[in-house]
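Take a look at the structure below.
The values are calculated or read from the model by the stated rules, or taken from the named source; none is laboratory data. All values reported here derive from a predicted model rather than from experimental measurement. Here the Cβ is made from the backbone with ideal geometry for all residues, glycine too, and neighbour counts use every protein chain on show. Heads up: the accessible areas ignore ligands, DNA and RNA and are worked out on the full protein's heavy atoms, side chains in. Shrake-Rupley method; radii C 1.70, N 1.55, O 1.52, S 1.80 Å.
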Amino acid sequence: MNATPTTAPAAAPPGPVPAPLLRELGRTEGGPRALALLVRDQHARRLVRLRAVLDAAAAAPPGLCTPAARDRLLADWALLEAAERADRDAVRAVLLHPMTGPWAQRCLYGLTADGPGARGELTADLAHFGAVAAAAAVRAGLPFTAGLTARGDLLALPTLGALRTCQGARVDLTLDRDGVLTLRQGPATPPVVVPTAAGPAGVAAADRHGDPRWLPLGALPALLPGAPPVLLDDLDPYRTAGSGLERHGLGAVTRLDPASRAAWTASWAGTEAVLRAGGTHRVQEAALLLRCLVPLAPPPGRGPAGESASHCSGTRREAFGAVLSSLPSTPAYLAATLVHELQHTKLAALSALVRLHEAGPAEAYFAPWRTDPRPFDGLLQGAYSHLALADYWQRYALAAPGTTARDLAWAEHARCAEQVAAVLPVLAGSDALTPQGRLLVSEMTAVHERIAADPPPPGHAARARAYVTTARTLWRQRHPTAPSPTPRAGGGRASLRGSGGRPDA
């Protein structure tokens, strides 16, 4: 495996992202070249991290990674290499599956961090490499035999599905030359036989299997011709592991029932048209970046208003290409969720390529979409995603055929734009921005000026201003000792007459 706003300056200093592409991304857009650059870099980082797991295991003391575990990792790696020789693209589909990222990071942390708390379930984590290798071999159509151990009562094969079995059961897998996968759990239990197909079609082929012990992974249709389907992953054991969702009372759906799966499919069916109404670039962005949706359970309790009261979503830096989300109430809100979360995906990937600022982690900044003080990086991330939302909702409002849909879109746009207006001067005036970061923020400012030139109806704008004013007042009451960063003189070129924003879901 081979792993590797002041006035904008005329060009950013030389770096891995050319200035024209950085400007595209600063506008919360990004054409095929810009997005492909981010994707290639993230994929290279994933492959390097996978190799780092093997190297860390080889260097770990026997008490941490036993000789038997090390030998098993080497055998799994050999199966991966053989599968890659048979079908490189099929293997990459597994290795670059978003949920492989959290697993690899967890293994690397357990192998290199100090203290028993860091090790957690390292033995089970390392054993999951066998499931990764087996899934890759299945997709590549490479005949093999392997013995795996279930994690809990499921043996999950990334991108394919999972076998429902006994807690910690040993399962023997065989893929024959006809592409038939057989899973055996001992002589007393009838085997599970799953006809598969090599490559991405394997998921669809497995989905037609009738044995209730085999749980096929669902897939949503591609947004554009030639794009891959979007996996609806409710099975991978690492989809929320280590994400911290539990601290907020959130969690993944353990298994979608037929009604829930039908609801996701129905909402998805209307998403492409709504995304396109919010800008054709949004469809292309989602088609190029989104590989996996992880269904979340609805959040407990109720929020302040509308959609955000019963919906939650997020991304994970280590799970590039995945969006975690509860089911939004309408396709318009599902599209908005994708717009919002994919901005985080883009900006995180860009930040891995280019240093955008030199600010530290101090949490000192007011962000009207949060109640807690935010670090500078969090402020930039939130402003970037809410700016894209303001643009999306404005375009949708201008294209919406019905009065109700148009009114809702203007309300969402107004709140998002006003929220961005509250923080953009702080970003633009910060001395912490690098030249690349200043170019990015300058383009963000230009977008905000553009959308402000076509304001929402006055009532929506007034309510949005009142919303942000109230949020700022409450924030100051909760955090009376927090500093109040202000932009340096002449820091921004925007006339920030904002017009609103949606609370961060």
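Computed values, structure above
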{"read-out": "Enumeration of residues in region 219-237 that are touching a Ser or Thr at 6+ places or on another chain (Cβ under 8 Å) and part of a loop (DSSP other than H, G, I, E, B)", "value": "223, 234"}
{"read-out": "Matching residues in region 150-170 - criterion: being in contact with a Lys or Arg (Cβ under 9 Å, 6 or more places away or on another chain), over 23 Å from residue 90 (Cα atoms) and either of a type outside the set (S, T, N, Q) or at pLDDT 95 or above (or both)", "value": "150, 153, 154, 164, 168"}
{"read-out": "Number of the exception - residue 427 against (1) under 23 Å from residue 275 (Cα atoms); (2) open to solvent by less than 70 Å² (accessible area, probe 1.4 Å); (3) assigned to a helix (DSSP H, G or I)", "value": "(1)"}
{"read-out": "Checklist (1) small (Gly, Ala, Ser); (2) more than 17 Å from residue 77 (Cα to Cα); (3) open to solvent by 30 Å² or more (accessible area, probe 1.4 Å) applied to residue 161, failing item", "value": "(3)"}
{"read-out": "Residue check, residue 139 among the basic types (Lys, Arg), under 20 Å from residue 291 (Cα atoms) and surrounded by fewer than 23 Cβ atoms within 10 Å (Cβ to Cβ)", "value": "no"}
{"read-out": "Scope region 252-294; condition under 26 Å from residue 128 (Cα atoms) and open to solvent by less than 20 Å² (accessible area, probe 1.4 Å); matching residues", "value": "256, 289, 290, 292, 293, 294"}
{"read-out": "Residue under evaluation residue 403, criteria (1) closer than 22 Å to residue 278 by Cα; (2) of a type outside the set (Gly, Ala, Ser); (3) open to solvent by less than 30 Å² (accessible area, probe 1.4 Å); (4) more than 24 Å from the chain's Cα centre (by Cα), criterion not met", "value": "(3)"}
{"read-out": "Every residue from region 413-424 that is open to solvent by less than 10 Å² (accessible area, probe 1.4 Å) and within 18 Å of residue 398 (Cβ to Cβ)", "value": "413, 414, 416, 417"}
{"read-out": "Members of region 446-470 that are touching a helix residue (DSSP H, G or I) at 6+ places or on another chain (Cβ under 8 Å), over 17 Å from residue 367 (Cβ atoms) and not hydrophobic (A, V, I, L, M, F, W, C)", "value": "454, 455, 456, 457, 460, 463"}
{"read-out": "Scope region 439-469; condition over 18 Å from residue 386 (Cα atoms) and not aliphatic (A, V, I, L, M); matching residues", "value": "457, 458, 459"}
{"read-out": "Selection count, region 245-268, where residues are among the β-branched types (Val, Ile, Thr) and over 17 Å from the mean Cα position of the chain (by Cα)", "value": "2"}
{"read-out": "Candidate set from region 328-382 (those that are part of a loop (DSSP other than H, G, I, E, B) and aromatic (Phe, Trp, Tyr)); member that is farthest from residue 412 (Cα to Cα)", "value": "366"}
{"read-out": "Any hit, region 101-114, residues being farther than 27 Å from residue 252 by Cα, open to solvent by less than 10 Å² (accessible area, probe 1.4 Å) and at pLDDT 95 or above", "value": "no"}
{"read-out": "Filter pass, residue 355 being of a type in the set (Lys, Arg), touching a Ser or Thr at 6+ places or on another chain (Cβ under 9 Å) and more than 30 Å from residue 255 (Cα to Cα)", "value": "yes"}
{"read-out": "Condition met for residue 227 (under 18 Å from the mean Cα position of the chain (by Cα) and open to solvent by 20 Å² or more (accessible area, probe 1.4 Å))", "value": "yes"}
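Quick grid of which residues meet (1) in a helix (DSSP H, G or I); (2) more than 21 Å from residue 244 (Cα to Cα); (3) touching a Leu at 6+ places or on another chain (Cβ under 7 Å); (4) charged (D, E, K, R):
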site	(1), (2), (3), (4)
35	yes, yes, yes, no
55	yes, yes, no, yes
101	yes, no, no, no
124	yes, no, no, no
